[in-house]
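Some notes on the structure that comes next.
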Amino acid sequence: MRHQNGRKKLNLKPAHKRSMMRNQVIFLIDYGHIVSTKARIKELRKFAEKLVTIAREGNSFNVRRRINALLPYKQEAALKLVKEVAPRYVNRPGGYTRIIPMGKRMSDTAELARLEWV
């Protein structure tokens, strides 16, 4: 039974899933959108919105420390999140991203979706 387990495994080991989510959210911060499968996008949305919620508090040492703990790969992306992305959503109570369905992939008919900032 999977009671109170709210995360999908995505057929990956935990370390691989963590690094994949980190890399995809860095891409989302840098470029503003990302296209992937619908299941990955739904998991990525949870991770990205938690980061924005942390970053909304401002550019303090503690905020940057918490974000760098979740995004240790690229300091530039963490700074961009704090200085450019999060200030747009200070007055918004949640829902910083939107998912746009993009049909099915030709090769394996996986459902594709696009994640972008609102």
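Coordinate-derived values only; no laboratory data. Not measured: the values here are computed from a predicted model. All Cβ positions, even for glycine, are placed from backbone atoms using ideal geometry, and neighbour counts span all protein chains on display.
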Consider only pairs whose beta carbons are under 7 Å apart and that are at least six residues apart or on different chains; among these, list those whose first residue lies in region 65-77 and is farther than 18 Å from Lys17 by Cα and whose second residue is assigned to a loop (DSSP other than H, G, I, E, B).
Ala77/Leu71
Anything in region 100-117 that is under 14 Å from Gly32 (Cβ atoms) and touching a helix residue (DSSP H, G or I) at 6+ places or on another chain (Cβ under 6 Å)? List them, or say none.
Leu115
Name the residues in region 93-110 that are surrounded by fewer than 16 Cβ atoms within 10 Å (Cβ to Cβ), touching a residue at least 12 places away in the same chain (Cβ under 8 Å) and under 18 Å from Lys50 (Cβ atoms), would you?
Gly94, Gly95, Arg98, Ile99
